[in-house]
1. Pairs under 6 Å by beta carbon, first residue free of Cβ contacts under 8 Å to residues at least 60 places away in the same chain in the stretch 51-78, partner exposed (fewer than 11 other Cβ atoms within 10 Å of the Cβ) and of a type in the set (A, V, I, L, M, F, W, C), six or more apart or different chains?
2. Could you tell me which residue of the stretch 17-74 is modelled with the lowest pLDDT, considering only residues that are surrounded by 12 or more Cβ atoms within 10 Å (Cβ to Cβ) and part of a loop (DSSP other than H, G, I, E, B)?
Amino acid sequence: MTIAAYNRRSRVQWVAGLVVVLLLAGVISLFASPSPDGLEYVAAEVGFSGSAAEHVAADGPLADYQVAGVTDDRLSGGLAGVLGTGVVLVLASGLAWVLRRPRPRTAPAPQNAGTL
């Protein structure tokens, strides 16, 4: 397999994986439970849920797993899943790019290689 074919194949696999991940994030987010998560449930059961204060990002664009400005709850949750997955993908890819190992530089082959 040539390097160009390998690169093309890798790119196709990466794009296919990206499509599958974003599709799953959007579809699975549509079926998220409206019930409180584990921490909220325990806080209510133990009795300290009333002492919780709003955090800094409480009115952010993806607060409470919803997209601000979208009125349909299911669509808003699905969009939040896709956007959140995209943000994590961009941050992880950027971190991987920054921390990647440099490729070893190879010396160019001499012009007279193989001749006496």
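The values are calculated or read from the model by the stated rules, or taken from the named source; none is laboratory data. These figures come from a predicted structure and were not determined experimentally. Ideal geometry is used to build each Cβ from the backbone, glycine not excepted, and the neighbour counts take in all protein chains shown.
1. none
2. Looking at residues that are surrounded by 12 or more Cβ atoms within 10 Å (Cβ to Cβ) and part of a loop (DSSP other than H, G, I, E, B), I get 36.
Every residue, every condition in (1) at pLDDT below 90; (2) within 30 Å of residue 35 (Cα to Cα), yes or no:
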position	(1), (2)
81	yes, yes
88	no, yes
91	no, yes
106	yes, no
109	yes, no
112	yes, no
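The rows are residues; the columns are (1) within 27 Å of residue 86 (Cβ to Cβ); (2) in contact (Cβ under 8 Å) with a residue 60 or more places away in the chain; (3) among the hydrophobic types (A, V, I, L, M, F, W, C).
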position	(1), (2), (3)
12	yes, no, yes
25	yes, yes, yes
38	yes, no, no
44	no, no, yes
